[in-house]
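Novice: Structure provided below as structure tokens; questions to follow.
Nothing in this text is a laboratory measurement; each read-out follows from the coordinates by a stated rule. From a predicted model like this one, the values you see are computed outputs, not experimental measurements. Every residue, glycine among them, receives a Cβ derived from its backbone with ideal geometry; neighbour counts consider all protein chains shown.
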Amino acid sequence: MKSSIKETIESYNPRAPLEEAWTIPAKWYIDPQIIDLERRTVFTHSWQMVGRADQVREPGQYITHYLAGEPILVVRGSDRVLRGFFNVCRHHAAVVVTECEGRANNLRCPYHGWTYTLEGELKGTPDFAGVCHFDRAANGLVQVETAVWENWVFVKLESDSVSLDDFLGAHLIEQMRRLNLEKLHWIERRHYTLECNWKVFVDNYLDGGYHVPHLHKGLDSVLDYSQYTIENGERFCLQSSPVVTAGAEAQTGAVRGGERALYYWIYPNFMINWYEGVMDTNLVCPRGIDRTEVIFDFYFADISEQVREHNIASINVGQRIQSEDVAICRSVQRGLRSRGYTAGRLSVRREAGEHLFHRLLHKDLKAGLDSEMS
Ligand code: FES
Ligand SMILES: [Fe+2]
């Protein structure tokens, strides 16, 4: 018998301590009703990273992104204020800015040529004389809440009272401030498409290094697996490992240094991976029930020509680790569809981050469902 979405959500028990906890049910990864609900709740109410601050430093610079199915535009106005908009024309709903980043003097819709200023006001409407009761001032692009933290631009689709700082929390903000991320410079972006639900990728990230010795032999050789730590914040998890150089696999050892590796996950879908002088971020974008785009940005402290080869070698090590994860995520997604699996247990030593993720998800989905049903 088909169970209702309410039953599906309620079949997870968020009160169980880690020792007794189960994962969220397999159904949450394969039921299209869940991804719709996630769009309306998790991805609507959370602050979402949509691009980098370095992309929108100057007036006219913009970035576009798809968030929860919504086309989003963030642009710096002539007044230097950064604003976010739904990237949707007020005429007949075409996407106004179609490039993923760039610089413009004004924003022209490709469909019938309506133009908007960099501040989102409607300016030009060709062949539109004689239209009665048309209030141009009320037909600007619709704004969306936007804020910048460290190297990143965030938006939130639903306006409520939770600021980006509130969402991230003082504890996380202070930890990241101490890393002096402004000293790192972006050099490259890579996109990966995975054949799995977005939560499979996040679970894989949050398993406290559990899979590392089995799946990532190169990475394993530079991490001290037994010393791996997992620390949950309110809406983030920090996994950390000492970096070891003795006996490291050559390719990985050559590009991963410093004392510790820090792996931050910020609910629901943003990760910051930090080694001394090296950082990459992962933005996990659901593109369907079993399709996920992961956007990687790579940063280095030194981006001079002399170390170019070294930086590329570092990115390639990241790419190899990623391709190892791509295969296992596909395998898990298949397994989640099997009649032979409903949910699993969690390692107390390793999987506290996953437990936090599942409880936060449950909280958002349940609250969303309750408010829709009331
Ligand atoms: S839809 Fe944009 S001008 Fe018509
Ligand atoms: Fe992995």
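Novice: Mind listing the phi-derived Karplus ³J(HN,Hα) values for region 251-257, rounded to whole Hz, using 6.51, -1.76 and 1.60 with θ = phi - 60°, and x for any glycine or proline?
Specialist: Those phi angles translate into 4, 6, x, 5, 10, 10, x Hz.
Novice: Using Cβ contacts closer than 10 Å as the measure, can you line up SER221, SER161 from fewest to most? Please report the intermediate quantities before stating the final value.
Specialist: Details: SER221 19, SER161 5.
Least to most surrounded, the residues fall as SER161, SER221.
Novice: Can you return the aspartates and glutamates within cross-link range of LYS6? Criterion is Cα-Cα under 12 Å, with same-chain partners fewer than 8 residues away left out.
Specialist: Cα-Cα hits under 12 Å: ASP370, GLU372.
Novice: OK, next. At a 4.7 angstrom Cβ threshold, list every cysteine in the chain that has nobody to pair with, or say none.
Specialist: CYS100, CYS132, CYS237, CYS285
Novice: I've got another one for you. Relative to the present Cα-Cα distance, how much length would full extension add between GLN306 and ALA367 at 0.36 nm per residue of separation?
Specialist: 16.7 nm is the gain from fully extending GLN306 to ALA367.
Novice: OK, next. How far apart, in nm, are the 7 Å Cα→Cβ label points at LYS217 and TYR111?
Specialist: 5.4 nm
Novice: Shifting gears a bit: How far, in nm, would the chain grow between LYS183 and ASN13 when pulled straight, counting 0.36 nm per residue and subtracting the alpha carbon separation? Intermediate values should be presented prior to the final figure.
Specialist: Working: separation 170, 0.36 × 170 = 61.20 nm, distance 4.31 nm.
The span from LYS183 to ASN13 would gain 56.9 nm if fully extended.
Novice: Sticking with this one: Give me the orientation-averaged projected area of the Cα convex hull of the chain, in nm², one decimal.
Specialist: Average projection, Cα convex hull of the chain: 21.7 nm².
Novice: Something else now. Past the 32 Å Cα-Cα mark, which pairs from LYS183/LYS366; LYS123/LYS199; LYS123/LYS156; LYS156/LYS199; LYS156/LYS183; LYS183/LYS217?
Specialist: In this structure, LYS183/LYS366; LYS123/LYS199 exceed 32 Å between Cα atoms.
Novice: For the chain, what is the mean residue ellipticity at 222 nm derived from helices alone (per DSSP H run of n ≥ 4: -39500 (n - 2.57); sum divided by total residues; nearest 500 deg cm²/dmol)?
Specialist: -8500 deg cm²/dmol
Novice: Now for a different question. Taking a virtual spin label 7 Å from the Cα of PHE128 along the C-beta vector, which residues in region 74-106 bring their backbone nitrogen under 17 Å of it?
Specialist: Answer for this model: 86-97, 106.
Novice: What order do you get for VAL144, VAL243 when you list them from fewest to most C-beta neighbours inside 10 Å?
Specialist: Final ranking by Cβ density, sparse to dense: VAL243, VAL144.
Novice: Using a simple charge model, +1 on the beta-carbon of Lys and Arg, -1 on the beta-carbon of Asp and Glu, nothing else, what dipole does the chain show about its Cα centre, in debye to the nearest 20?
Specialist: For the chain, the charge dipole is close to 660 debye.
Novice: Find the all-direction average of the projected area of the Cα convex hull for region 48-161, expressing the result in square nanometres with one decimal place.
Specialist: About 7.5 nm², averaged over all directions.
Novice: Defining a contact as two alpha carbons under 8 Å apart and six or more residues distant in sequence, what relative contact order in percent does the chain show?
Specialist: After rounding, I find 20 percent.
Novice: If I require 18 Å or longer along the helix axis, counting alpha carbons, and a Kyte-Doolittle average no lower than -1.0, what helices from the chain are left? Use full DSSP H segments.
Specialist: Span-like helices here: 308-336, 352-373.
Novice: To continue, here is another question. Taking other Cβ within 10 Å of each residue's Cβ, how do TYR299, TYR66 sort, fewest first?
Specialist: Lowest to highest Cβ neighbour count: TYR66, TYR299.
Novice: Here's a follow-up. State the extension gain, in nm to one decimal, for the chain segment bounded by HIS171 and ALA137, taking 0.36 nm per residue of separation less the distance between their alpha-carbons.
Specialist: Working: separation 34, 0.36 × 34 = 12.24 nm, distance 4.20 nm.
Computed gain between HIS171 and ALA137 is 8.0 nm.
Novice: Turning to a different aspect of this structure: Using θ = phi - 60° and the Karplus form 6.51 cos²θ - 1.76 cosθ + 1.60, what ³J(HN,Hα) does each residue of region 58-65 get, whole Hz, x for Gly and Pro?
Specialist: Going residue by residue, I get 9, x, x, 6, 9, 9, 10, 6 Hz, with x marking Gly and Pro.
Novice: In Å, what is the Rg of the alpha-carbon atoms in region 1-91, and how long is Dmax?
Specialist: Taking only Cα atoms of region 1-91, I get Rg and Dmax of 19.2, 58 Å.
Novice: Once phi is turned into ³J(HN,Hα) by the Karplus curve 6.51 cos²θ - 1.76 cosθ + 1.60 with θ = phi - 60°, what whole-Hz value does each residue of region 111-116 show in order, with x for glycine and proline?
Specialist: Ordered by residue, 3J(HN,Hα) equals 7, 10, x, 4, 10, 10 Hz.
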